[in-house]
């Protein structure tokens, strides 16, 4: 018999059931540190322990403090939750007082069980604990992400060793195989060669394999064919473009300041983007990569006063200064916002700290700006320790607006040309002024002849006297009696020349010289600018904790620069306020070296977790930007640590990690869900018994369309392609038309990133929103994506271009079968099945008949364009197996 339950009753029933413990739950022994303190920390500490004044004189941070009770008496009665005042308050909803911050029913139930079990607690810190002191428990310090990175011995999996025969077992496979075997599972079959080629091409370059790449790979029958294919992809300049996009997401890269509706353009931010692409293509070690971004100026000993001179003297300095653009990526309204300048400055600094911490530490440090972190062992002081690290480049007292944080770039050849042309222009300007003065003198003589002889000498004397030196009598005389002379100056000469027959000829004498000067002036090379982080050595700012985040209420004690206290003592990660060994404060350089010393427990783990995610579509730790107490549990913790340790041991080289991961059996599995047992045991594939099917990211979809249509402009680097609002209301690349240089058809990484104007097509496919950065993209599947592919003018244009490419490849005389096969192979890099061929041939023939009936100019091309449009919208095109 089936019972229908009123949906309106479900919330109440669920709440009721939360109070009914299962047999296993009721048997579990709860402790204060593990089960209760995190709840109190999230909801109660702010009033009951973290402030210097306790609310109700009750401190909930330790069990012994709870037992002391408060103004209302005993807080708990161990063994009797119903008699415990603390429980009564949270159960009734009276506490916390904010309705939006009430405890969940299951959390209230946990508190009840803990009290009933006797309110157990582990060892607590001895001595007096004052209100406002930050307490960090041993349990919090023992969190997996805060432990030293340990490189475990590789597991010895017999079945894997036997399968590998004489070859060496890939370390990735060793860890994955052990977990699979423990769950009664095993690897899926290896994907076919073309599937692996397409997978690797998109992973490493963000583009589909070109026909010549397919031909080269299939022709190579050597045992190392796959490895050589991976190496070719890693050597492509498209590799840097693809993997730069991943880092630009977490760095918060944008070509506009954001902050408000003005969203002012950052005309020079793109140099940082190109720096990232160059660095990744060159396989720059990531420890160096991080150090340059945090402290490139300190590495080359550049200050605000000397940066430009160093750039002029040594082009190599430019690269490291460009890298510091990382610290200039946060939304910044200090040059455009009408709001309180002090508040705007403070917001820029806060957002920069957030970007630093989420990108490199995988921690939500920004949550500690106003109070101790609600969930993680991050005191409010830690936020300001990090703020002190960057304070010299974001000096709130000596603030430099975005336009003042730049250095000019010019090559020696450009400088020499600029000097040469400027000298010529100067001479022409002098000649122009001289001729104009002579013509002015000539006209003045003509005008004076018109003055009555009685006044002529007085008028001449007054006119020839400089305006500022004329007496009041002279000025009055000219103004009232001879205003023509009063107005006769070189700037108004054209008004007088019209009175004379030879006026045009006289004007031509100096206008021709000016035209020549203007022509040369346009040829003078103009500098480009890079956004840099440099310090003013004349002023070293001080940092204070802001009470409750209020910048108008700084506390009295100065804060020294440093890292997170949970991963080391203050002695270990507190840095000099002003290092005498360098011309700058040295704070950021000390911090960067500390992060990349190989001893920090977070940096390599966070990076490796993201690298893994970009290969498999899911991370080993799902919460890529939060490794704190509420982070997801690592699916393969020993593998993550092994990879992180190996990464650091081998000079932080990313391309080596790519090879290691991509040559593993784990990576080369098919994505087909063929095992009923595996689906039953691990439906989400957390154990990696197959490869994940992944939708292409927004940029890869656009780039793949352009690559397949043959329209992709593969030129690297350069200023961003502007975006604009089309008449249809969408944000499009360029003006909607392709210019002569075809720059609008460059890869998507070169499209201008406007915080308030994301390109409509990219936005439809989950392009990131930089607020202030994007530590992980979402991947949605919604109907509007298909509509965007169907109705876009861009899609129509590229489908026609694709059709032309198919016709050029197969030949105009090719039959329908040949055309369909050619289009499929160009789009998807494999062969269509019989059923796919039949469906596409039928579509082509129907479209051909329709266009023939309409008597269009080229019915074959139009029908083929329709088929190409269909291929662009298929799952095979939009997804990677």
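The values are calculated or read from the model by the stated rules, or taken from the named source; none is laboratory data. These numbers come from a predicted model, not from an experiment. Neighbour counts are summed over all protein chains in view; Cβ atoms, including those assigned to glycine, are modelled from backbone coordinates with ideal geometry.
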Which of the residues spanning region 411-426 are at pLDDT below 90 and either exposed (fewer than 13 other Cβ atoms within 10 Å of the Cβ) or more than 11 Å from residue 523 (Cα to Cα) (or both)? 411, 412, 413, 415, 416
Check off (1) surrounded by 21 or more Cβ atoms within 10 Å (Cβ to Cβ); (2) in a helix (DSSP H, G or I); (3) touching a residue at least 60 places away in the same chain (Cβ under 8 Å); (4) within 17 Å of the chain's Cα centre (by Cα) for residue 268 and give me the number that stays unchecked. (2)
How many residues does region 169-199 contain that are closer than 29 Å to residue 711 by Cβ and in contact with a helix residue (DSSP H, G or I) (Cβ under 6 Å, 6 or more places away or on another chain)? 1
Here are the criteria: (1) over 30 Å from residue 550 (Cα atoms); (2) assigned to a helix (DSSP H, G or I); (3) at pLDDT 85 or above. Tell me which single one residue 408 does not satisfy. (2)
Matching residues, region 340-372, being over 24 Å from the mean Cα position of the chain (by Cα) and not in a helix (DSSP H, G or I): 340, 370, 371, 372
So which residues in region 465-479 are closer than 27 Å to residue 509 by Cα and surrounded by 12 or more Cβ atoms within 10 Å (Cβ to Cβ), if there are any at all? 465
Here is a check on your reading of the model: is residue 636 crowded, with 17+ Cβ neighbours inside 10 Å, out of contact with any strand residue (DSSP E or B) (no Cβ under 8 Å at 6 or more places or on another chain), closer than 30 Å to residue 42 by Cβ and at pLDDT 95 or above? yes
Within region 837-847, how many residues are farther than 14 Å from residue 818 by Cβ and in contact with a helix residue (DSSP H, G or I) (Cβ under 7 Å, 6 or more places away or on another chain)? 2
Filtered residues of region 467-505 (kept if outside any helix (DSSP H, G or I) and touching a helix residue (DSSP H, G or I) at 6+ places or on another chain (Cβ under 6 Å)): 482, 488
Residues of region 719-733 satisfying the condition of being in contact with a strand residue (DSSP E or B) (Cβ under 9 Å, 6 or more places away or on another chain), within 18 Å of residue 796 (Cα to Cα) and either assigned by TED's automatic domain parsing to the domain that holds residue 809 or crowded, with 17+ Cβ neighbours inside 10 Å (or both): 731, 732, 733
Can you tell me which residue within region 735-754, out of those that are buried (at least 19 other Cβ atoms within 10 Å of the Cβ) and in a loop (DSSP other than H, G, I, E, B), is farthest from the chain's Cα centre (by Cα)? 747
Residues being assigned to a loop (DSSP other than H, G, I, E, B) and within 34 Å of the chain's Cα centre (by Cα) - total across region 208-235: 3
Residues (surrounded by 14 or more Cβ atoms within 10 Å (Cβ to Cβ) and under 40 Å from the mean Cα position of the chain (by Cα)) located in region 111-132: 131
Can you find a residue that is surrounded by 18 or more Cβ atoms within 10 Å (Cβ to Cβ), free of Cβ contacts under 8 Å to residues at least 40 places away in the same chain, over 23 Å from residue 346 (Cβ atoms) and not assigned by TED's automatic domain parsing to the domain that holds residue 379 anywhere in region 597-611? yes
Give me the helices (runs of 4 or more DSSP H) completely within region 82-184, filtered to those with at least 3 residues that are touching a strand residue (DSSP E or B) at 6+ places or on another chain (Cβ under 7 Å) and either assigned by TED's automatic domain parsing to the domain that holds residue 30 or in contact (Cβ under 8 Å) with a residue 60 or more places away in the chain (or both), ordered by residue number. none
By residue number, the members of region 340-361 that are farther than 30 Å from residue 605 by Cβ and touching a residue at least 24 places away in the same chain (Cβ under 8 Å) are 341, 342, 343, 344, 345, 346
Go through region 702-718 and give me each residue that's buried (at least 17 other Cβ atoms within 10 Å of the Cβ) and over 22 Å from the mean Cα position of the chain (by Cα). 705, 706, 707, 708, 709, 711, 712
Select from region 679-694 the residues that are more than 32 Å from the chain's Cα centre (by Cα) and without any contact (Cβ under 8 Å) to a residue 60 or more places away in the chain and list them in ascending order. 679, 680
Can you report the number of residues in region 645-698 which are in contact with a strand residue (DSSP E or B) (Cβ under 9 Å, 6 or more places away or on another chain) and outside any loop (DSSP other than H, G, I, E, B)? 3
